[in-house]
Amino acid sequence: MRIDIVSLFPEMFNGPFGHSIIKRATDAGILTIGVVNPRDFALDKHHIVDDTPFGGGSGMVMKVDPVCRAVESVSAVPNVRRRIILMCPGGQQFTQAKARELAEYDQLILVAGHYEGMDERVRTYVVDEAMSIGDYVLTGGELPAMVIVDAVARMLPGVLGANDAAIQDSFYSGLLEYPQYTRPREFRGWEVPEVLVSGDHAKIARWRRKESLKNTLNRRPDLLESANLSPEDAKLLREIQEEQGDS
Ligand code: ADE
C-alpha cells in the first residue's frame, strides 16, 4: 500500500513513522509513505497557502488551489484503488472497521488541514470523504493522519507477523481484549492468575474469553450489542453477571 499525506508540516511525520512497526513495514516494502507540501504547489512568488475568508470574519482559510494541485501530484497514476480523505473534526468517525476497510485500497491520500479552516471546495470537489478521529478539535490534521496511518498499517498482511495479533485485538472481534501477563509470576505480592500457568489450554481459552467478555461488559457495554456472541458466550456472560451480583 501507498499512503500520501498532504501537509504544510512534513517534518512532523519524521518521528512517528521512523520507529517500530511502521518503520519495519516501510523497510519491508509493505507500506510506502510520502508527504507532499501544498506550499510547493502555490504558484505565487511567496507560496501563499492561506487567505482571509470571503464574507469577512477572523482567521485564515487554507486555499483550494495549492491543496488540489498537491493531491493531483500524487494521484496521477491511473487504475489505482485510491481513497482521498480530508482530516476534519466534522467528518465521519474513524473506527476499527474503517481501518480494515481502508487497508483494502492500493493508495490512501490523507489531506491535513491547518489554520482555522479549509476552503470548502476541497471537501466538495477534491476528496472522497472527510474523517474525524474523535469529538475534539485539534490544531491540525497531522495527528489524525498519523492515527489513521498507524491503524491502517497494522491491518496490512505481514505487518504484525505470522500469527497476526491484530485478529486478537480489541475491537477486531467486537470485544475488548483479555488481560495478558508475563514473568515474573509474582511481583510485590501481585500474582498472575493461576489458570494461566496451569498448562490446561482449554481452560486458559475459556478463561480468556470470559475475561474478554467481562472487560467489555464492565468498560464498554455498548460493544456487546453489535458483537458476534455464541451460545457459549451468552452462558459466560450469565456466569459473570451472577458472580458480580448484576441482575
Ligand atoms: N482536525 C482537527 N481536529 C480533528 C479531528 N478530531 N479529527 C480529524 N481531523 C481533525
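The values are calculated or read from the model by the stated rules, or taken from the named source; none is laboratory data. Remember, predicted model here, so these are calculated numbers, not experimental data. Glycine also receives a Cβ, built like all others from the backbone with ideal geometry; neighbour counts cover every protein chain displayed. These accessible areas exclude ligands, DNA and RNA; they are computed on the full protein's heavy atoms, side chains included. Shrake-Rupley method; radii C 1.70, N 1.55, O 1.52, S 1.80 Å.
Mind checking the full-extension length gain between D27 and T182? Use 0.36 nm per residue of separation minus the Cα-Cα distance, one decimal, nm. Intermediate values should be presented prior to the final figure.
On the way: separation 155, 0.36 × 155 = 55.80 nm, distance 2.95 nm.
Extra length available between D27 and T182 comes to 52.9 nm.
In whole percent, what relative contact order does the chain give with Cα contacts below 8 Å and a gap of six or more residues?
Details: 352 pairs, mean separation 44.1, N = 247.
Value for the chain: 18 percent.
Scanning the chain for trypsin sites (Lys or Arg not before Pro) in DSSP loops with at most 14 other Cβ atoms within 10 Å, what's the longest stretch left with none? Please list the in-between numbers first.
Values: sites that count: K45, R81, R185, R188.
The reported range is 82-184.
R0 = 41 Å: FRET efficiency of N218 with M60, Cβ-based, nearest 0.05? Show your work: numbers first, answer last.
Values: r = 46 Å, r/R0 = 1.12.
Computed FRET efficiency for N218 and M60 comes out at 0.35.
For the stretch 2-153, what is the accessible area per residue in Å² when the probe is 1.4 Å?
Heavy-atom accessible area per residue stands at 51 Å².
Of all aspartates and glutamates in the structure, those lying under 14 Å Cα to Cα from K203, and not within fewer than 8 positions of it along the same chain, are E194, E211, E232. Sites counted here are chymotrypsin sites (Phe, Trp or Tyr not before Pro) in a DSSP loop (not H, G, I, E or B) having no more than 10 other Cβ atoms within 10 Å; the longest part of the chain that contains none of them is 137-247.
Would you mind counting up the charge near D119? Only other residues with Cβ under 10 Å from its Cβ, with Lys and Arg at +1 and Asp and Glu at -1. Write down the numbers at each step before the final one.
Numbers: positive: K63, R121, R123; negative: D50, D51, D65, E120.
Taking every other residue near D119 into account, the sum is -1.
Need the list of lysines near K63 for cross-linking: C-alpha distance under 18 angstrom, and skip anything on the same chain fewer than eight residues off. Result set, ordered by chain and number: K45. The accessible-area ordering, largest first, of the residues S198, S132, S75 stands as S198, S75, S132, per a 1.4 angstrom probe.
Can you check what the net charge comes to around P144, using other residues whose Cβ is under 14 Å from the Cβ of P144 (Lys, Arg +1; Asp, Glu -1)?
Numbers: positive: K98; negative: E129, D135, E142, D150.
With Lys, Arg at +1 and Asp, Glu at -1, the net is -3.
Between S230 and Q93, the contour length at 0.36 nm per residue exceeds the alpha carbon distance by 46.5 nm. Using amide H atoms built in the peptide plane, which far-off residues or other-chain residues are under 5 Å from I109 H to H? Under 5 Å from the amide H of I109: D4, R83, I84, I85. Roughly how many percent of the accessible protein surface of the stretch 112-247 is carbon and sulfur, given a 1.4 Å probe and a whole-percent answer? Carbon with sulfur: 50 percent of the solvent-accessible area.
How much length would be gained if the chain were fully extended between V137 and D150, taking 0.36 nm per residue of separation minus their Cα-Cα distance, in nm to one decimal? Before the final figure, lay out each step's value.
Numbers: separation 13, 0.36 × 13 = 4.68 nm, distance 1.97 nm.
Working it through step by step, the gained length comes to 2.7 nm.
All other residues with a Cβ under 11 Å from the Cβ of L31 taken together, and with Lys, Arg as +1 and Asp, Glu as -1, what is their net charge? The partial results should precede the final answer.
Working: positive: R2, K23, R24, R154; negative: D27, D150.
Neighbour charge sum, excluding L31 itself: +2.
Helix-only arithmetic for the chain: the sum of -39500 (n - 2.57) across DSSP H runs with n ≥ 4, divided by the residue total, places the mean residue ellipticity at 222 nm at -9500 deg cm²/dmol. Between helix 231-244 and the chain there is an angle of about 80 degrees, using the helix long axis and the longest principal axis of the Cα atoms. Considering only GluC sites (Glu not before Pro) in DSSP loops that have at most 13 other Cβ atoms within 10 Å, the longest stretch of the chain without any of them is 117-247.
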